[in-house]
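*Asks:* Below is a structure I'd like to ask you about.
Since every read-out is calculated from the coordinates, none of them should be taken as a lab result. These numbers were taken from a predicted model, which means no experiment stands behind them. Reconstructed Cβ throughout: ideal geometry from the backbone, glycine too, with neighbour counts over all protein chains shown.
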Amino acid sequence: MATWVLTTAEKKNVEEIEFWHKDGKIIKRTTGFRWGTVYCESDERPNIDLENPDGLEVFATDYDFELDNLDDGHYCDVEYPDDMSEEEQERMDELWDEDSYSAWEEEGWSNDDTETWFHGPLDLEQQ
């Protein structure tokens, strides 16, 4: 069995999108990373379009990729529900700054889904 390593070929091409749920509402938290690496064990080379024109959600493929690393976060964007007040959004930002995941979980929010997207050209090598 071979180990296949998939990486982004150019910097600033990885996004991790977390979906936080509470009472039918969703907070979408997107973090951009400069680099990303995942790997899988397979007898055959994964059939991945390395030009990657539409982006690749690496954990929604036919392959059992495992996360190796996401390096050097360079931005974060948070989309709050439309009906969440500006004051509540600011409070949630402060909670995140103080204790990140734990703070939001203590408020009753649950991170039920996370997507990891690789954009732009990709490199795939056998290790």
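*Asks:* Hey, got the dipole for the chain? About the Cα centre, +1 on K and R Cβ, -1 on D and E Cβ, debye to the nearest 20?
*Replies:* On the way: 9 positive and 39 negative charges, 97 e Å.
My answer is approximately 460 debye.
*Asks:* I would also like to ask the following. Give the lysines whose C-alpha is closer than 20 Å to that of K12, dropping any in the same chain fewer than 8 places away, or say none.
*Replies:* Hits, sequence-local ones excluded: K28.
*Asks:* Residues of segment 104-118 with backbone nitrogen within less than 18 Å of a virtual label 7 Å along the Cα-to-Cβ line of K12, please, listed as ranges.
*Replies:* 117-118
*Asks:* Mind checking which aspartates and glutamates have their C-alpha under 15 Å from K22, skipping anything on the same chain fewer than 8 residues away?
*Replies:* E79, D82, D83, E88, E105, E106, E107, D112, D113
*Asks:* Under a no-solvent Debye model with one identical scatterer per Cα of the chain, what's log10 I(q)/I(0) at q = 0.09, 0.14, 0.16, 0.21 Å⁻¹?
*Replies:* Normalising to I(0) and taking log10 leaves -0.32, -0.69, -0.83, -1.14.
*Asks:* Can you give the calculated 222 nm mean residue ellipticity of the chain, where each DSSP H run of n ≥ 4 adds -39,500 (n - 2.57) and the sum is split over every residue, rounded to the nearest 500 deg cm²/dmol?
*Replies:* Values: 1 runs with 21 residues, N = 127.
Value at 222 nm, helices only: -5500 deg cm²/dmol.
*Asks:* Which angle between 0 and 90 degrees, to the nearest 10, do you get for helix 86-106 versus the longest principal axis of the chain when only C-alpha atoms count?
*Replies:* Helix 86-106 sits roughly 60 degrees off the main axis of the chain.
*Asks:* Follow-up. Given R₀ = 30 Å, FRET efficiency for D72-D43 by Cβ-Cβ distance, to 0.05? All intermediate terms of the calculation are to be shown ahead of the outcome.
*Replies:* On the way: r = 33 Å, r/R0 = 1.10.
So the FRET efficiency works out to roughly 0.35.
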